[in-house]
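Input: a single structure, listed below in structure tokens.
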Amino acid sequence: MASLLRVRCDGIIEGVYDDRLRGLVEALSGRPLGAQDVCRASEVEMDADGQWVARLVGTGEIIARRRSRSEVISEEVNWLEKNVITQQRKETR
């Protein structure tokens, strides 16, 4: 799974964090970047039926539901990249 990052015109970098980005984050941390803000877009929890569910923070909208946590996380990342990161890129064009 590739990580999708978006660098805005104002220098803000947006994307879904992945441990494979750690080297980049550490390299940039030593530079004068200004304020860093990491925001959670969604949460993954088990529901009362024993299914793993990914919900958007703020709205509670369910974006993935499966028995397998790893499948839900994969769907969650795909959904966020498609509906948040790439959607914002279209809006700024």
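The values are calculated or read from the model by the stated rules, or taken from the named source; none is laboratory data. Keep in mind that what you see is a predicted model, and the values were worked out from it rather than measured. Here Cβ is always computed from backbone atoms with ideal geometry, including for glycine, and neighbour counts include all displayed protein chains.
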Given (1) modelled with pLDDT of 85 or more; (2) assigned to a loop (DSSP other than H, G, I, E, B); (3) not hydroxyl-bearing (Ser, Thr, Tyr), number of the condition Ile63 does not satisfy: (2)
Which numbered condition Glu71 misses (of (1) surrounded by 13 or more Cβ atoms within 10 Å (Cβ to Cβ); (2) within 14 Å of the chain's Cα centre (by Cα)): (2)
Residues located in the range 25-46, provided they are among the hydrophobic types (A, V, I, L, M, F, W, C), more than 19 Å from Ser70 (Cα to Cα) and either within 16 Å of the chain's Cα centre (by Cα) or modelled with pLDDT of 80 or more (or both): Val25, Val38, Cys39
Search result, residues across the range 47-71 that are of a type in the set (D, E, K, R) and closer than 16 Å to Lys82 by Cα: Arg55, Glu61
